[in-house]
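The values are calculated or read from the model by the stated rules, or taken from the named source; none is laboratory data. Here the structure is a predicted model, which is why all the values come from computation and not from measurement. Please note: Cβ atoms are built from the backbone with ideal geometry, for glycine as well, and neighbour counts cover all protein chains shown.
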Amino acid sequence: MKSSFYYILFAALFFFVFHPLCAFSSPDTIGIETEGTCVVSGGDRALARDHAINDSMRRAVQRVVDMLISADVAVENFDVIDGNIYSKSESYIQDYRILKEGMEDGLYRVKVKVSLSAGDIKNDLGMLGVLTDEWQPKEYITMIVVVMVSGIKEHSDFKTIRETLETDIKGVDAVRLRRMGSDVVVMDVDVQGDATGLASKLIVKDFKDFSLYVTDVTPDIIKLNLVKE
């Protein structure tokens, strides 16, 4: 009995030490796939790789900032945001995984999947005074946003996403299935706002069995990748 207790204790400690995201995940933790690059100087690929990884983290943080404030505010306050947000991008990163890396056209490219705290970024933007309730992008204009989700293997996951869009996302008027393939589902979503606003609401949702990672956002298209927990 005593040996079984120590075995369970060791297993629990191992889980929480080596799987911190499972231990401390929250609805404010979101996942983003992004790519960083760096010029290889003097043949030092190791240094270029480190800089490319840092660049990917910065780009991930920029993606979240773009979801939280308008383009005009971002441009007008770039120096402030750069000095107080982008300069410490690594502090928002909770975990990352390299998906692909290598040389291309004299650049070292690293594609990563990053988990980061959108809540902390939002709080810091608020402290800087650039996150205000005045900006509501196209809040009262209903438009069609195409939501593309790859990585769906089970119909129940698609059903969960659709029900979340229909019932849990403020401003969504209707969801219509456009196409369902073996791995990708495409939906037309009537929403008050735009793709950026919808993505910012969708990716902070806490799904029980999977996580959604943003791979691309344009004014009218959201591309997501579903990863099972």
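Tell me, which residue of the range 202-229 that is closer than 15 Å to PHE158 by Cβ and aromatic (Phe, Trp, Tyr) is surrounded by the fewest Cβ atoms within 10 Å (Cβ to Cβ)?
Ranking the candidates gives PHE207 first.
Which ones in the range 188-208 are assigned to a loop (DSSP other than H, G, I, E, B) and either modelled with pLDDT of 90 or more or acidic (Asp, Glu) (or both)?
Across the range 188-208, the qualifying residues are ASP194, ASP206.
Test LEU198 against the criterion of being under 15 Å from GLU33 (Cβ atoms), surrounded by 14 or more Cβ atoms within 10 Å (Cβ to Cβ) and aliphatic (A, V, I, L, M), and give yes or no.
no
Here are some residues: VAL227, VAL185. Which one is modelled with pLDDT under 90 and assigned to a strand (DSSP E or B)?
VAL227
Anything in the range 167-177 that is within 23 Å of GLU229 (Cα to Cα) and either touching a strand residue (DSSP E or B) at 6+ places or on another chain (Cβ under 7 Å) or surrounded by 13 or more Cβ atoms within 10 Å (Cβ to Cβ) (or both)? List them, or say none.
Passing the criteria: only ILE169.
Considering only residues of the range 165-193 that are over 22 Å from the mean Cα position of the chain (by Cα) and small (Gly, Ala, Ser), which is nearest to VAL145 (Cα to Cα)?
The extreme case among them is ALA174.
Of VAL191, VAL114, which residue is under 29 Å from PHE78 (Cβ atoms), in contact with a Gly (Cβ under 8 Å, 6 or more places away or on another chain), touching a residue at least 12 places away in the same chain (Cβ under 8 Å) and not assigned by TED's automatic domain parsing to the domain that holds GLY83?
Result: VAL191 is the single residue among VAL191, VAL114 that is under 29 Å from PHE78 (Cβ atoms), in contact with a Gly (Cβ under 8 Å, 6 or more places away or on another chain), touching a residue at least 12 places away in the same chain (Cβ under 8 Å) and not assigned by TED's automatic domain parsing to the domain that holds GLY83.
With the structure loaded, tell me whether LEU116 is of a type in the set (A, V, I, L, M) and in a strand (DSSP E or B) or whether it fails that test.
The answer is yes for LEU116.
When you look at ASP105, is it among the charged types (D, E, K, R) and either surrounded by 13 or more Cβ atoms within 10 Å (Cβ to Cβ) or within 23 Å of ASN225 (Cβ to Cβ) (or both), yes or no?
No, not satisfied.
What's the number of the only condition in (1) assigned to a helix (DSSP H, G or I); (2) in contact (Cβ under 8 Å) with a residue 60 or more places away in the chain; (3) of a type in the set (Gly, Ala, Ser) that SER156 fails to meet?
(2)
Could you check, for the range 178-191, whether at least one of its residues is surrounded by 14 or more Cβ atoms within 10 Å (Cβ to Cβ) and of a type in the set (Ser, Thr, Tyr)?
No: the range 178-191 contains no residue that is surrounded by 14 or more Cβ atoms within 10 Å (Cβ to Cβ) and of a type in the set (Ser, Thr, Tyr).
Of the residues that make up the range 132-139, is at least one within 17 Å of the chain's Cα centre (by Cα) and either surrounded by fewer than 17 Cβ atoms within 10 Å (Cβ to Cβ) or outside any loop (DSSP other than H, G, I, E, B) (or both)?
Checked the range 132-139: no residue is within 17 Å of the chain's Cα centre (by Cα) and either surrounded by fewer than 17 Cβ atoms within 10 Å (Cβ to Cβ) or outside any loop (DSSP other than H, G, I, E, B) (or both).
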